[in-house]
Structure formats: structure tokens, C-alpha cells
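Peer 1: Sharing a structure here in C-alpha cells format.
The values are calculated or read from the model by the stated rules, or taken from the named source; none is laboratory data. Only a predicted model underlies this, so the values are computations on that prediction, with no experimental measurement involved. No Cβ is skipped: glycine too gets one built from the backbone with ideal geometry, and neighbour counts run over all protein chains shown. SASA here: full protein model, heavy atoms, side chains in, ligands and nucleic acids out. Shrake-Rupley method; radii C 1.70, N 1.55, O 1.52, S 1.80 Å.
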Amino acid sequence: QVQLVESGGGLVQPGKSLRLSCAASGSRFSINVMGWYRQAPGKQRELVAVIDRGGFTNYADSVKGRFTISTDNTKNTVYLQMNSLKPEDTAVYYCYCNARAAYTTSEYWGQGTQVTVSS
């Protein structure tokens, strides 16, 4: 089993920045992919950014050029640097991890952290 602990959400003015962090922990496991999804009220959860073991990344078109995903593999931690934030970025952001543990590859989710962009 893998547990994900998120931090860094909050209220921010448009044009400002936030950095989200998510640390994975648990018994012996091997991470395949880590990333971030978000869900705004009344809308479907959507992919924001993911990064795999080789460092390859994928971003939603709406955040390209503004958000950067990165990892610290020694800490099993993924970060999301969010710059030039817009009101439409307001959502609950969920940390995501695809990992192998106990002979099973599973998806794990953090509890979510609220990001509110408002003037």
C-alpha cells in the first residue's frame, strides 16, 4: 500500500504562484508514474500533469507553459510548480501515483488540496 500526503494549496491572487508537493510512503513499492489531477465544482476530474520513471512528462494543454511537474526520487515526492495562476485554475488538486506494491500495480490518490485563484 502507498499513502500520499499533499501540501501547498491555498488562496492566491491571479498571476501569482503556488507549489504543490506530494510525498509517497509505505511498504516496499516501485513508482511508475506520479502526477496531479484536478476537479472543479460540477466538472469532471482532469489530468493536469504527470511524470514517469524516465522523467517524461505530459501536461494538459490549459497549463502548458505555466505549470512544471518534477520529482525528487530519493524522497518519492512529486512537485507541481504553478505560475501565472488564473481563476480557471481553481479546483481541488489530487496527487496521483501509479505504483507496484505487493505484486500488484495500483493507482493511489491523495486526499486533495484546495487551490483557489481569486482577486
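Peer 1: Is it true that Ser84 is small (Gly, Ala, Ser), loosely packed, with under 15 Cβ neighbours inside 10 Å and on the phi > 0 side of the Ramachandran plot? So that I can check it myself, show each step before the final result.
Peer 2: Values: small (Gly, Ala, Ser): yes; loosely packed, with under 15 Cβ neighbours inside 10 Å: yes; on the phi > 0 side of the Ramachandran plot: yes.
Yes; evaluated as a whole, the condition is true for this residue.
Peer 1: Would you check which residues across segment 9-47 are over 14 Å from Gln111 (Cα atoms) and part of a loop (DSSP other than H, G, I, E, B) and list them?
Peer 2: Gln13, Pro14, Gly15, Lys16, Ser17, Ser27, Arg28, Ala40, Pro41, Gly42, Lys43, Gln44
Peer 1: Which numbered condition in (1) outside any loop (DSSP other than H, G, I, E, B); (2) open to solvent by 80 Å² or more (accessible area, probe 1.4 Å) is the only one that Thr105 fails?
Peer 2: The number of the failed condition is (2).
Peer 1: Residues being open to solvent by 60 Å² or more (accessible area, probe 1.4 Å) and not in a loop (DSSP other than H, G, I, E, B): count how many of those fall in segment 87-102. Steps first, answer last, please.
Peer 2: Here is the first cut: in segment 87-102, the residues open to solvent by 60 Å² or more (accessible area, probe 1.4 Å) are 87-88, 100, 102.
Still in the running and not in a loop (DSSP other than H, G, I, E, B): 87-88, 100.
Residues in segment 87-102 being open to solvent by 60 Å² or more (accessible area, probe 1.4 Å) and not in a loop (DSSP other than H, G, I, E, B): 3 in total.
Peer 1: Would you mind stating whether Glu46 is at pLDDT 95 or above, open to solvent by less than 40 Å² (accessible area, probe 1.4 Å), closer than 30 Å to Ser119 by Cβ and not hydrophobic (A, V, I, L, M, F, W, C)? Give the steps one after another, and end with the answer.
Peer 2: Numbers: at pLDDT 95 or above: yes; open to solvent by less than 40 Å² (accessible area, probe 1.4 Å): no; closer than 30 Å to Ser119 by Cβ: yes; not hydrophobic (A, V, I, L, M, F, W, C): yes.
Taking the combined requirement at face value, the residue does not satisfy it.
Peer 1: Sort through Val12, Val2 and tell me the only one that's at pLDDT 95 or above and of a type in the set (Val, Ile, Thr).
Peer 2: Numbers: Val2 fails: at pLDDT 95 or above.
Matching residue, one of Val12, Val2: Val12.
Peer 1: Give me the pairs, please: first residue somewhere in segment 51-63 and without any contact (Cβ under 8 Å) to a residue 24 or more places away in the chain and closer than 12 Å to Gly35 by Cα, second residue anywhere and surrounded by 10 or more Cβ atoms within 10 Å (Cβ to Cβ) and among the charged types (D, E, K, R), beta-carbon distance under 7 Å, and either six or more positions apart or on two chains.
Peer 2: Correct list of pairs: Ala60/Glu46.
Peer 1: Could you tell me which numbered condition Gly55 fails, if it satisfies all but one of (1) assigned to a strand (DSSP E or B); (2) open to solvent by less than 50 Å² (accessible area, probe 1.4 Å)?
Peer 2: Gly55 satisfies every listed condition except (1).
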